[in-house]
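J.: Take this structure, written in structure tokens, and hold onto it; I'll ask about it next.
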Amino acid sequence: MIEITQAERDKISLAVLEAEKHTTGEIVPMIVAQSDDYSGARWRLAVAGALFAGFLAYFFLGDYDSVWILYAQIPGLYFGYALGNVGAILRPFMLSDKIDEEVNQRALQAFYEHNLHHTKDHTAILIMVSLLEHRVEILADAGINSKVPKDTWQSIVNDMIASIKTNDLSEGICIAVRECGDILAKDFPGQHDNPDEVSNKLIIEE
């Protein structure tokens, strides 16, 4: 379950509001619990559990029939798979390339699910934090990418992660929002008629 207080949500919404005062761009912060269920990693963990159970059976039940080693591996398999529900245990069994792929796909899915591609000048930007993977993904629409180099976002991701590592998730998101706002203000400055096309509220999905 994602734990974030109402005060932290309000803080992020205010940061978005302030950043968008100076740009026609739309900044959308989002937190997801995880980007995939990582069934492959769960099965790797299950096999590790089975092997560990088999080792324990061999060590403690060596004087019994060797078939008990096989029997011990069955509950070990189930127990190992169940441990996949604990993020800190599952994470070492997740492949880096798979994480990159799934987080990027989850961000793309969210971008279209929340209609961020429908802004007038295609100037929406998504800042997504995926908690299980400890990853941050920033996606910008075509209007922004035509003027802002894609590697610009990596420095913002780095600043954001540095803040998150101090266990201040909300401040990390606010930092990213402000930095994105500063970048957008240069190429997409605010106008007297600056409608709010997307809600300023933080999106949270378990």
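J.: Once the other residues with Cβ under 12 Å from the Cβ of residue 147 are scored (Lys, Arg +1; Asp, Glu -1), what is the net sum?
T.: Net charge in that neighbourhood comes out at -1.
J.: In 5 Å bins starting at 0, how do the alpha-carbon pair distances of the stretch 1-112 split up by percent?
T.: Calculated P(r), rounded to whole percents: 2, 10, 13, 12, 12, 11, 9, 7, 6, 5, 4, 3, 2, 1, 0, 0.
J.: Turning to a different aspect of this structure: Could you work out how far helix 96-113 tilts from the main Cα principal axis of the chain, as a 0 to 90 degree angle to the nearest 10?
T.: 40
J.: Moving on to the next point. Provide the packing ranking of 132-145, 152-165, 169-182, i.e. peptides ordered by the mean count of other C-beta atoms within 10 Å per residue, highest first.
T.: 169-182, 132-145, 152-165
J.: Compute the helix-to-body angle for 169-187: its Cα long axis versus the longest principal axis of the chain, expressed 0 to 90° and rounded to tens.
T.: 40
J.: Could you do me a favour and compute the accessible area per residue for the stretch 78-193, 1.4 Å probe, result in Å²?
T.: Ligands and nucleic acids excluded, the result is 54 Å² per residue.
J.: Going by alpha carbons, how many degrees (0 to 90, nearest 10) lie between the helix axis of 6-20 and the longest principal axis of the chain?
T.: On a 0 to 90 degree scale, this one is about 40.
J.: Further question: Rounded, prolate or oblate: which one fits the stretch 67-107, using the alpha carbon gyration tensor with axes a ≥ b ≥ c (rounded when a/c is under 1.5, else prolate when a/b beats b/c, else oblate)?
T.: Judged from the Cα gyration tensor, the stretch 67-107 comes out prolate (a/c at least 1.5, a/b above b/c).
J.: For the stretch 1-141, which whole-number percentage of the solvent-accessible area (1.4 Å probe, protein heavy atoms only) is attributable to carbon and sulfur atoms?
T.: 60
J.: Okay, next question. What does the C-alpha gyration tensor say about the overall shape of the stretch 59-206? Classify as rounded when a/c is under 1.5, otherwise prolate if a/b is larger than b/c, or oblate.
T.: Since a/c reaches 1.5 and a/b is larger than b/c, the shape of the stretch 59-206 is classed as prolate.
The values are calculated or read from the model by the stated rules, or taken from the named source; none is laboratory data. Please read these numbers as outputs of a predicted model, since none were measured by experiment. With ideal geometry, Cβ positions are generated from the backbone for all residues, glycine too; neighbour counts draw on all protein chains shown. What goes into the accessible areas is simple: the full protein's heavy atoms, side chains included, and nothing from ligands, DNA or RNA. Shrake-Rupley method; radii C 1.70, N 1.55, O 1.52, S 1.80 Å.
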